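Here is the structure we will look at.
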Amino acid sequence: MNLAKLKPGEKGTIVAIGVMGAMKRRLMDMGVLIGEMVEVVKVAPLGDPMEVTVKSYQLSLRKQEAAGIRVEVEK
């Protein structure tokens, strides 16, 4: 499943980052790393952007960026 499909309150562990180049470096610089826990805090009314928490930081990501991040959903 990718991060863009999670709903507010759902958590997951990042298992892969599918984006490349500058976008991947940007995400990694913000703490989006394989093995990190991510939680969706809220999604804008029109679905873009979404706010997530990674390493106690709150980040705002576009759905396109979030779609490139594969997560394993926490039960």
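The values are calculated or read from the model by the stated rules, or taken from the named source; none is laboratory data. Remember, predicted model here, so these are calculated numbers, not experimental data. Virtual Cβ from ideal backbone geometry, glycine too; neighbours counted across all protein chains shown.
The C-beta contact set for region 24-46 (first residue within 11 Å of residue 8 (Cα to Cα), second residue among the acidic types (Asp, Glu) and modelled with pLDDT of 90 or more, distance under 8 angstrom, 6+ apart or interchain) comprises 39/10; 40/10; 40/51; 41/51; 42/51; 43/51. Residue count for region 26-56, restricted to those that are more than 16 Å from residue 4 (Cβ to Cβ) and at pLDDT 90 or above: 4.
In this structure, is residue 60 farther than 15 Å from residue 71 by Cβ and surrounded by 11 or more Cβ atoms within 10 Å (Cβ to Cβ)? Even if it seems obvious, please write down each step before you answer.
Details: farther than 15 Å from residue 71 by Cβ: yes; surrounded by 11 or more Cβ atoms within 10 Å (Cβ to Cβ): yes.
So residue 60 passes the test.
Scanning region 47-74 for residues that are in contact (Cβ under 8 Å) with a residue 24 or more places away in the chain, among the charged types (D, E, K, R) and in contact with a strand residue (DSSP E or B) (Cβ under 8 Å, 6 or more places away or on another chain) yields 63, 70, 72, 74.
Considering each of 4, 44, 16 in turn, give the residue that is within 9 Å of the chain's Cα centre (by Cα) and not polar (S, T, N, Q).
Details: 44 fails: within 9 Å of the chain's Cα centre (by Cα); 16 fails: within 9 Å of the chain's Cα centre (by Cα).
Within the list 4, 44, 16, the selection yields 4.
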